[in-house]
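Asks: I am attaching a structure below and will ask some questions about it afterwards.
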Amino acid sequence: MNSQYFIDLEHAYGAHNYHPLDVVISRAKGVYVYDPEGRRYLDFLSAYSAVNQGHLHPKIIKALTDQAKRLTLTSRAFYNDQLGAFLKKLTKTAGFEVALPMNTGAEAVETAIKLARRYGYMKRHIEAEKAEIIVASANFHGRTTTIISMSTDPGSKDYFGPYTPGFVIVPFNDAQALEQAITPHTVAFLVEPIQGEAGVIIPNDGYLKQIREITKKHNILLMLDEIQTGFGRTGKLFCYEHEGIRPDVLIVGKALGGGVLPVSAVISDKYIMDVITPGTHGSTFGGNPLACAVGSAAIDVLLEEKLPQRSAELGAYFLGKLKKIKSPLIKEARGKGLLIAITLTRKARPYTEALKARGILAKETHVDTIRFAPPLIIKKSQLDYALRQIKAVLTEVR
């Protein structure tokens, strides 16, 4: 069975909620993926930063298989012998006191929303049903009904109403707009330190410091969604470390599962998290033993192999080389660590297709932007190969 067979099968039996490139991935290892015909591609998307450690990292796969032979699921109706150790490692690594484990990134964001509202009512005594969370325009925090209610992206939002109230939208990268939007009902500001799905939009230097100062001044929670930027992607373990701040609530996922399982969490301190009590929130699979074993190994690999440092060094190298490509097609190249994008003067889809033909898998976003986010284990020689293909596509393809 060839690639077209599998493409046709998806088209026939699947909802058409994605527009993938015409490539079928049937196996993977490290930074490479392969199609059924045996063609090899460099993965420059990393499952939207869920594969920071590379595909099928042996330590993560060993943790998965060893745990799968012993115990996979108990639900939180009982204790298990993996959760406590995982939460200790996660909180110590991130520098917080406690964590609430979930599965997907969207679940973690929903959890953070509930946490902020409950904290506002129970600790700040905000009037019932009046809590407001401020968010940034062009945000992407997931696709649940509540989360799309705070979106400004028509593709994510249109025809899914009625929408959940309680959100106030301000421009991204505008600290003054944030401060002006705060009212006595404001409980939190939820924001991505870099807007990944919007096209790798990087705020001005000092923005995170400013919003940290403003949220402290007004006694509201700063909740950072680091689902995509966390765990080394931007050259630090967490993106907020670039400006030396610390949020009140940290939302993580993607790479926490090591490219193997959905593992996410909301991380905070006890004085905030203690508003969550038995029966107020939960998840059948959240904190399951298999996910905990995988998440623990995923953290170990990031730290032992110094992947944030690799991301910083190789990202600076890759971005520097991209900026030297002379092409009228390139409007801008930008990035932090190995989260990099180029905006074109034309639609990006033909160029991601041309890159695919040359063995590089990247994906367009917002019509004119191509995002480059390879696994953090990538080698400089592999980046050089990719750069040659990118340059050829952007200077030769018409």
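Asks: Is there any pair with a first residue in segment 14-32 that is within 20 Å of HIS55 (Cβ to Cβ) and not assigned by TED's automatic domain parsing to the domain that holds GLU353 and a second that is at pLDDT 95 or above and loosely packed, with under 10 Cβ neighbours inside 10 Å whose Cβ atoms are under 6 Å apart and which are 6 or more apart or on different chains, and what are they?
Replies: Qualifying pairs under 6 Å: none.
Asks: Residues to consider are SER156, SER137, SER151; find the one that is under 23 Å from the mean Cα position of the chain (by Cα), over 28 Å from LEU302 (Cβ atoms) and surrounded by 21 or more Cβ atoms within 10 Å (Cβ to Cβ).
Replies: Only one candidate passes the filter, namely SER151.
Asks: Taking GLY166 as the residue in question, decide whether it is touching a residue at least 60 places away in the same chain (Cβ under 8 Å), closer than 20 Å to ARG143 by Cβ and assigned by TED's automatic domain parsing to the domain that holds THR144.
Replies: No.
Asks: Just need a number here: residues in segment 337-360 that are touching a Phe, Trp or Tyr at 6+ places or on another chain (Cβ under 6 Å) and within 22 Å of GLN195 (Cβ to Cβ).
Replies: Residues flagged as touching a Phe, Trp or Tyr at 6+ places or on another chain (Cβ under 6 Å) and within 22 Å of GLN195 (Cβ to Cβ) within segment 337-360 amount to 1.
Asks: Among the candidates ALA85, ALA106, ALA68, ALA77, single out the residue that is surrounded by fewer than 16 Cβ atoms within 10 Å (Cβ to Cβ) and free of Cβ contacts under 8 Å to residues at least 60 places away in the same chain.
Replies: Every option except ALA77 fails the conditions.
Asks: Output the qualifying pairs, or none if there are none: Cβ atoms under 8 angstrom, residues six or more apart or on different chains, first residue in segment 263-288 and not assigned by TED's automatic domain parsing to the domain that holds ASP225, second residue in a loop (DSSP other than H, G, I, E, B).
Replies: Once the first residue is not assigned by TED's automatic domain parsing to the domain that holds ASP225 and sits in segment 263-288, no partner that is in a loop (DSSP other than H, G, I, E, B) comes close enough.
Asks: Determine if segment 363-378 includes at least one residue that is out of contact with any strand residue (DSSP E or B) (no Cβ under 6 Å at 6 or more places or on another chain), over 24 Å from GLU197 (Cβ atoms) and of a type in the set (A, V, I, L, M, F, W, C).
Replies: Among the residues of segment 363-378, not one is out of contact with any strand residue (DSSP E or B) (no Cβ under 6 Å at 6 or more places or on another chain), over 24 Å from GLU197 (Cβ atoms) and of a type in the set (A, V, I, L, M, F, W, C), which makes the answer no.
Asks: Residues LEU100, LEU115: which one is more than 23 Å from SER311 (Cβ to Cβ), outside any helix (DSSP H, G or I), of a type in the set (A, V, I, L, M) and within 21 Å of the chain's Cα centre (by Cα)?
Replies: LEU100
Asks: Sticking with this one: Let me spell it out: the conditions are (1) assigned to a loop (DSSP other than H, G, I, E, B); (2) surrounded by 20 or more Cβ atoms within 10 Å (Cβ to Cβ), and THR280 meets all of them except one. Which number is the exception?
Replies: Single failed check for THR280: (2).
Asks: Right, another one. Could you tell me which of the residues SER75, SER49 is assigned by TED's automatic domain parsing to the domain that holds LEU361 and not basic (Lys, Arg)?
Replies: Result: SER49 is the single residue among SER75, SER49 that is assigned by TED's automatic domain parsing to the domain that holds LEU361 and not basic (Lys, Arg).
Asks: Taking only segment 191-227 into account, find how many residues are touching a Cys at 6+ places or on another chain (Cβ under 9 Å) and in contact (Cβ under 8 Å) with a residue 60 or more places away in the chain.
Replies: 1
Asks: When only residues in segment 182-214 that are part of a loop (DSSP other than H, G, I, E, B) and among the charged types (D, E, K, R) count, which is nearest to LYS123 (Cα to Cα)?
Replies: My answer is GLU192.
Asks: So which of SER26, SER46 is out of contact with any His (no Cβ under 6 Å at 6 or more places or on another chain), on the phi > 0 side of the Ramachandran plot and surrounded by 13 or more Cβ atoms within 10 Å (Cβ to Cβ)?
Replies: SER46
Asks: Another one. So TYR207 fits all but one of (1) surrounded by 17 or more Cβ atoms within 10 Å (Cβ to Cβ); (2) in contact with a strand residue (DSSP E or B) (Cβ under 9 Å, 6 or more places away or on another chain); what number is the exception?
Replies: (2)
Asks: Please state which of the following conditions HIS366 fails to meet, knowing it meets all the rest: (1) modelled with pLDDT of 95 or more; (2) under 18 Å from the mean Cα position of the chain (by Cα); (3) surrounded by fewer than 18 Cβ atoms within 10 Å (Cβ to Cβ).
Replies: Of (1) modelled with pLDDT of 95 or more; (2) under 18 Å from the mean Cα position of the chain (by Cα); (3) surrounded by fewer than 18 Cβ atoms within 10 Å (Cβ to Cβ), only one is false for HIS366: (1).
Asks: Give the residue, chosen from GLY142, GLY95, that is in the same structural domain as TYR240 (by TED's automatic domain parsing), crowded, with 18+ Cβ neighbours inside 10 Å and touching a residue at least 12 places away in the same chain (Cβ under 8 Å).
Replies: Checking each option against the conditions leaves just GLY142.
Asks: Taking segment 331-358, which residues are surrounded by fewer than 18 Cβ atoms within 10 Å (Cβ to Cβ) and farther than 28 Å from TYR34 by Cα?
Replies: LYS331, GLU332, THR345, ARG346
Asks: Condition first: under 19 Å from GLY282 (Cβ atoms) and touching a Gly at 6+ places or on another chain (Cβ under 9 Å). Now tell me which residues in segment 225-255 satisfy that.
Replies: Of everything in segment 225-255, those that are under 19 Å from GLY282 (Cβ atoms) and touching a Gly at 6+ places or on another chain (Cβ under 9 Å) turn out to be ILE251, VAL252, GLY253.
Asks: What single numbered condition from (1) outside any loop (DSSP other than H, G, I, E, B); (2) not assigned by TED's automatic domain parsing to the domain that holds MET122 fails to hold for LEU250?
Replies: Checking LEU250 against (1) outside any loop (DSSP other than H, G, I, E, B); (2) not assigned by TED's automatic domain parsing to the domain that holds MET122, the one that fails is (2).
The values are calculated or read from the model by the stated rules, or taken from the named source; none is laboratory data. Because the structure is a prediction, the values reported are computed rather than measured. All Cβ positions, glycine included, derive from the backbone under ideal geometry; neighbour counts span all protein chains shown.
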